[in-house]
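A short write-up of the structure that comes next.
What follows draws every value from the coordinates through simple rules; no lab data is involved. In this text the structure is predicted, and so the values were computed from the model without any measurement. Using ideal geometry, Cβ is built from the backbone for each residue, glycine included, and neighbour counts are taken over all protein chains shown.
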Amino acid sequence: MAGQPTVELVVFKLKEGTTREEFLASDEVASAWMKEQPGFLSHELCYATEPDQWFELVRWKSLAEAEAAASAAMSSTSCAPMFALIEMESVMMLHGESLLASPRTAGVEIDG
């Protein structure tokens, strides 16, 4: 997958007692750091009420750049406050080759 557009999916839970506002503030700082990393394309943070899990979708130019950023994040002072709020045993991270993508539709209202 080297050189291929890569999607990173990270699924996790917050430590008990962590507020949504507290986490979002820490994620804002970590997201700013992420945007500075080589190969970064986009980032989306999502929350699923059931089963009370968060997930992030990050798009990278390549698998090598995604893996390098993930490794660097572990020692980043910008990311440490966010990691401190995450139940690390719950974290699942996947990297996959982007095979098909539709144009961005965030912010567009969909009649249902």
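Contact map, region 58-71: residues that are polar (S, T, N, Q) paired with residues that are part of a strand (DSSP E or B) and buried (at least 16 other Cβ atoms within 10 Å of the Cβ), Cβ distance under 7 Å, separation 6+ or inter-chain. Pairs shown: S62/T6.
Here is a yes/no grid of residues against (1) of a type in the set (S, T, Y); (2) surrounded by 11 or more Cβ atoms within 10 Å (Cβ to Cβ):
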site	(1), (2)
F12	no, yes
G17	no, no
A25	no, yes
E28	no, yes
Y47	yes, yes
E65	no, yes
A68	no, yes
S75	yes, no
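Of everything listed in (1) without any contact (Cβ under 8 Å) to a residue 40 or more places away in the chain; (2) more than 10 Å from W60 (Cβ to Cβ), the single unmet condition for L9 is (1). None of E56, E28, E44, E16 is of a type in the set (D, E) and part of a helix (DSSP H, G or I) except E28.
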